[in-house]
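A.B. asks: Handing you this structure, nothing more for now.
The values are calculated or read from the model by the stated rules, or taken from the named source; none is laboratory data. Computed from a prediction, not measured in an experiment: that's the story for all the values here. Don't worry about glycine lacking a Cβ; one is built from the backbone with ideal geometry, like all the others, and counts go over all protein chains shown.
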Amino acid sequence: AVDAPIDPDAIFKQGFLADRPVKPVITRFPPEPNGYLHLGHAKAIAIDFGFARFHGGKTILRFDDTNPDEEAEIYFTWIIKIIKWLGFTPSEITYSSDHFQRLYELAQDLIRKGGAYVCHCSESEIKLQRGGKDGKEGPRFRCAHADQDIQMNLDKFKDMHDGKYEPQTAFLRMKQDIDSGNPQMWDLAAYRIPKHQKPHLRAPEWKIFPTYDFTHCLCDSFEGITHSLCTTEFILSRESYEWLNKTLGVYEPMQREFGRLNLEGTIMSKRGLKQLVDQKIVRGWDDPRLYTLIAIKRRGIPPGAILAFVNELGVTTNRTFIQIVRFEQTVRRFLERTVPRLMLILDPVPVTISDLAEPVYLDIPFSPKDSTFGSHSLEFTKTIYIDRSDFREVDSKDYFRLAPGKAVGLLNAPLPIKAVSYTKDETTGLVTGIQAVSDRDAKPKAYISWVPETSLKVEARIYRSLFKSDDPSAAEGGFLNDINPDSEIIYHDALLESGFNEVKQRAPWPAVLGDSAEVSGSESIRFQAIRVGYFAVDTDSTDEKVILNRIVSLKEDSGK
Ligand code: ATP
Ligand code: MG
Ligand code: MG
């Protein structure tokens, strides 16, 4: 059978519910609207939404918009689209900024409880207070600001709020536990005045902004989140998360952690991706060689395959690096039995079959195994095109494809053909045409693909790894020094059989791949090009010209 889309049972048997058997389960996915989501986020989305869905609960999409410097409208739009594309529906969309007033009031409460103070120390002073590098260079101590009385702290905090301090000259710190062994309890910042006073998109009146450590646990609490799931970098933050909710006496959600998904052989950090885009090493944030989810979508990878991949990895706390080939293997398995087959010739050479008087009309199934796929017509014409790599000027014993005097089978065609002669462009050295005859009696050892002369001229983009090494960030001179010059090979004059028109009309095809009609585009027009790979239609396509992306090859290659 076809690989099922995510099986929530398999990944959620363990864990979170046993730790806190509360229903209905309410989770949240809390992206910062400061970039495009990547494959790692798909794991978080699948876990946050999948866990709640499995237990009949719900998931809130909360934009953690506490940093006006980095936010942009386009990120909100795409985050919503990508979650839908993955097949999940938030019960509600909220924003941390919805709660700015309430958070501000709770910060005042915290001051009144003696749990926070306004501090004016510099970064280096704070480092010193925290015991220097790794907290190991000296004793930890609090600054004099920690001793200010409550009223002074309230006044100063109001002054911060009213814009009376220059950026970065005052911040609110929580008075936690500097004797704790946990650095996430060493009087973390709760409010800051950002350096650039860029107005917040949804709350332009605010000049001070709450930090992650102050905001996250409280917003989880306000929204009644039962299980707050995040990546393992936040394990140490769990103590501060619990401390703040408890100290303020608000509802206490439970935080639990799972391992990040990291991919080997690529980079997913925003800063790195931005460099690749700005330096035009890739076409944009959705370049099919990247692992942002918009790029993965554009490349034609079906959402169902992403969920299957996350499911295969499981919900462990391991921080493992996963090889791209492993991801591609899941994608390939997913596509193998689910997309129609067509013939595509990347580098065409004409072959004229001199004894074929009339074209022969063939009826070719879209799938060799599944008759529900239906069939399409294909013309076997006097002139056909085969791939340059399937012809050799000089035959040899261990070679089974076309050569002068040698016969080869043509996939789906009634008769093998034998090459008789060929023509060649003397300046380029390239074969320009092959003359052949049909060879009814031949017993060919190989079958090659071909297309009739009535085929569509298309552009096909073949991708390989964008980087040469498995750890581009560690490459000498940085990842920009590790770019694979052959990461994209373009065939401008490829030929695709006309059965494509029907494939296009019937897309998205079929439902198991998980494309939602609402958010999918040309990438849901997918097919297997026999012997060449899996392809999808690129968004650069126009009415005049079809442009194809190779999603994955048919078999694993080194990718380099
Ligand atoms: P990045 O810097 O890579 O964008 P982030 O943690 O800043 O990551 P957020 O927008 O804060 O991104 O992430 C939203 C959610 O996605 C968080 O719960 C975070 O833990 C989770 N997440 C981010 N990256 C990964 C990853 N590589 N694997 C699994 N979950 C991730
Ligand atoms: Mg973050
Ligand atoms: Mg982020």
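A.B. asks: Being loosely packed, with under 15 Cβ neighbours inside 10 Å and either at pLDDT below 95 or not polar (S, T, N, Q) (or both) is the filter here; which residues of the stretch 92-108 pass it?
C.D. replies: GLU92, ILE93, ARG102, GLU105
A.B. asks: Is it true that some residue in the stretch 85-106 is within 16 Å of LEU293 (Cα to Cα) and within 16 Å of ligand 3 (Cβ to nearest atom)? Write out each step before concluding.
C.D. replies: Taking the stretch 85-106 first, the residues within 16 Å of LEU293 (Cα to Cα) are 85-88.
Add one more test, that the residue is within 16 Å of ligand 3 (Cβ to nearest atom), and what stays is none.
No, every residue in the stretch 85-106 fails to be within 16 Å of LEU293 (Cα to Cα) and within 16 Å of ligand 3 (Cβ to nearest atom).
A.B. asks: Considering only residues that are more than 13 Å from ILE82 (Cβ to Cβ), surrounded by fewer than 23 Cβ atoms within 10 Å (Cβ to Cβ) and within 13 Å of ligand 2 (Cβ to nearest atom), which ones fall in the stretch 30-55?
C.D. replies: Correct list: GLU32, ASN34.
A.B. asks: Where residues in the stretch 233-282 are within 16 Å of ligand 3 (Cβ to nearest atom) and among the hydroxyl-bearing types (Ser, Thr, Tyr), which of them is farthest from GLU328 (Cα to Cα)?
C.D. replies: The selected residue is SER237.
A.B. asks: Show the residue pairs meeting these rules: Cβ distance below 7 Å; 6+ apart or different chains; first residue within the stretch 103-126 and at positive phi; second residue β-branched (Val, Ile, Thr).
C.D. replies: Correct list of pairs: GLY114/ILE150.
A.B. asks: In the stretch 217-266, which residue that is within 17 Å of TRP186 (Cα to Cα) and in contact (Cβ under 8 Å) with a residue 60 or more places away in the chain is farthest from ligand 1 (Cβ to nearest atom)?
C.D. replies: Going through the qualifying residues, I end up with THR247.
A.B. asks: Then there is this: Give the number of residues within the stretch 309-330 that are surrounded by fewer than 21 Cβ atoms within 10 Å (Cβ to Cβ) and in a helix (DSSP H, G or I).
C.D. replies: Residues in the stretch 309-330 being surrounded by fewer than 21 Cβ atoms within 10 Å (Cβ to Cβ) and in a helix (DSSP H, G or I): 7 in total.
A.B. asks: Kindly provide the set of residues from the stretch 182-197 that are within 20 Å of ASN245 (Cα to Cα) and not charged (D, E, K, R), ordered by number.
C.D. replies: ASN182, PRO183, GLN184, MET185, TRP186, LEU188, ALA189, ALA190, TYR191
A.B. asks: Within the group THR89, THR59, which residue is within 15 Å of LEU229 (Cα to Cα), more than 12 Å from ligand 2 (Cβ to nearest atom) and in contact with a helix residue (DSSP H, G or I) (Cβ under 9 Å, 6 or more places away or on another chain)?
C.D. replies: Residue meeting the stated conditions: THR59.
A.B. asks: Does ASN67 satisfy the condition of being closer than 29 Å to ILE324 by Cβ, within 12 Å of ligand 3 (Cβ to nearest atom) and of a type in the set (S, T, N, Q)?
C.D. replies: no
A.B. asks: Among the numbered conditions (1) in a helix (DSSP H, G or I); (2) within 41 Å of the chain's Cα centre (by Cα); (3) among the acidic types (Asp, Glu); (4) exposed (fewer than 15 other Cβ atoms within 10 Å of the Cβ), tell me where GLU166 comes up short.
C.D. replies: Unmet for GLU166, out of (1) in a helix (DSSP H, G or I); (2) within 41 Å of the chain's Cα centre (by Cα); (3) among the acidic types (Asp, Glu); (4) exposed (fewer than 15 other Cβ atoms within 10 Å of the Cβ): (1).
A.B. asks: Taking THR352 as the residue in question, decide whether it is of a type in the set (Ser, Thr, Tyr) and surrounded by fewer than 16 Cβ atoms within 10 Å (Cβ to Cβ).
C.D. replies: no
A.B. asks: Being outside any loop (DSSP other than H, G, I, E, B) and closer than 24 Å to LEU61 by Cβ narrows it down to one residue among ILE225, ILE306; which is it?
C.D. replies: ILE306
A.B. asks: Only one residue in ASP69, ASP65 is touching a residue at least 12 places away in the same chain (Cβ under 8 Å), of a type in the set (Asp, Glu), within 15 Å of ligand 2 (Cβ to nearest atom) and crowded, with 23+ Cβ neighbours inside 10 Å. Which one?
C.D. replies: Selected residue: ASP65, the only one of ASP69, ASP65 that is touching a residue at least 12 places away in the same chain (Cβ under 8 Å), of a type in the set (Asp, Glu), within 15 Å of ligand 2 (Cβ to nearest atom) and crowded, with 23+ Cβ neighbours inside 10 Å.
A.B. asks: Evaluate the stretch 129-145: report whether one residue or more is without any contact (Cβ under 8 Å) to a residue 60 or more places away in the chain, within 30 Å of PRO204 (Cβ to Cβ) and assigned by TED's automatic domain parsing to the domain that holds ARG192.
C.D. replies: Pass one, the stretch 129-145, residues without any contact (Cβ under 8 Å) to a residue 60 or more places away in the chain: 129-145.
Filter once more, keeping what is within 30 Å of PRO204 (Cβ to Cβ): 145.
Restricting the remaining residues to those that are assigned by TED's automatic domain parsing to the domain that holds ARG192 gives 145.
Yes, that holds for at least one residue.
A.B. asks: Select from the stretch 126-148 the residues that are of a type in the set (Gly, Ala, Ser), surrounded by fewer than 15 Cβ atoms within 10 Å (Cβ to Cβ) and more than 40 Å from the chain's Cα centre (by Cα) and write down the one among them that is nearest to ASN182 (Cα to Cα).
C.D. replies: GLY138
A.B. asks: Only residues that are closer than 11 Å to SER221 by Cα, surrounded by fewer than 18 Cβ atoms within 10 Å (Cβ to Cβ) and in contact with a strand residue (DSSP E or B) (Cβ under 8 Å, 6 or more places away or on another chain): list them for the stretch 231-250, please.
C.D. replies: Within the stretch 231-250, just GLU242 meets the criteria.
A.B. asks: Say we look at the stretch 26-57 and pick out the residues that are within 15 Å of ligand 3 (Cβ to nearest atom) and part of a loop (DSSP other than H, G, I, E, B); which of these is nearest to the chain's Cα centre (by Cα)?
C.D. replies: LEU37
A.B. asks: Then there is this: Is it fair to say TRP243 is at negative phi and in a loop (DSSP other than H, G, I, E, B)? Working first, answer last.
C.D. replies: Values: at negative phi: yes; in a loop (DSSP other than H, G, I, E, B): no.
So TRP243 does not fit the description; no.
A.B. asks: What are the residues in the stretch 105-125 that are in a helix (DSSP H, G or I) and within 39 Å of the chain's Cα centre (by Cα), if any?
C.D. replies: Across the stretch 105-125, the qualifying residues are GLU105, LEU106, ALA107, GLU123, SER124.
A.B. asks: Among the numbered criteria (1) among the hydrophobic types (A, V, I, L, M, F, W, C); (2) in contact with a helix residue (DSSP H, G or I) (Cβ under 7 Å, 6 or more places away or on another chain); (3) in a helix (DSSP H, G or I), which single criterion is violated by PHE100?
C.D. replies: (2)
A.B. asks: Pick from PHE54, PHE29: which is modelled with pLDDT of 95 or more and touching a helix residue (DSSP H, G or I) at 6+ places or on another chain (Cβ under 6 Å)?
C.D. replies: Result: PHE29 is the single residue among PHE54, PHE29 that is modelled with pLDDT of 95 or more and touching a helix residue (DSSP H, G or I) at 6+ places or on another chain (Cβ under 6 Å).
A.B. asks: Among the residues of the stretch 260-286, which ones are touching a helix residue (DSSP H, G or I) at 6+ places or on another chain (Cβ under 9 Å) and within 16 Å of ligand 2 (Cβ to nearest atom)?
C.D. replies: Correct list: ARG260, LEU261, ASN262, MET268, SER269, GLY272.
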